[in-house]
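Structure, as structure tokens:
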Amino acid sequence: MKDSKRTGAGGGGAARQPSGKSGGRSCPICRKPTVADFRPFCSKRCADIDLGKWLGGSYAIPVVEEDGSAASSDPGDEV
């Protein structure tokens, strides 16, 4: 008896779209529909804008430092 469900690399799932629009997503820069060639962006321009933000430091995780003494001490430094 053959199994009706297929698993692995060839089984099920969405096929990769080589070009054109992809369904349901919007560009994180300009909110236009995304294009598969530039996913998750709509164009090379928006992809380059995002790269510039990363390289320029615009994207950063805010850090809340505590009193400083705990952050600067290393457990191996204690005598």
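Taking each residue of region 55-69 that is acidic (Asp, Glu) and looking for partners that are at pLDDT below 90 with beta-carbon atoms closer than 7 Å, six or more apart or interchain, yields Glu65/Ala71. Scoring Glu65 on the criteria (1) more than 20 Å from the chain's Cα centre (by Cα); (2) modelled with pLDDT under 85 leaves a single failure, condition (2). Being modelled with pLDDT under 90, in contact with a Lys or Arg (Cβ under 8 Å, 6 or more places away or on another chain) and surrounded by 11 or more Cβ atoms within 10 Å (Cβ to Cβ): is that true of Ser22 here? Yes, satisfied.
The values are calculated or read from the model by the stated rules, or taken from the named source; none is laboratory data. Quick caveat: nothing in here was measured; it's all calculated off a predicted structure. Please note: Cβ atoms are built from the backbone with ideal geometry, for glycine as well, and neighbour counts cover all protein chains shown.
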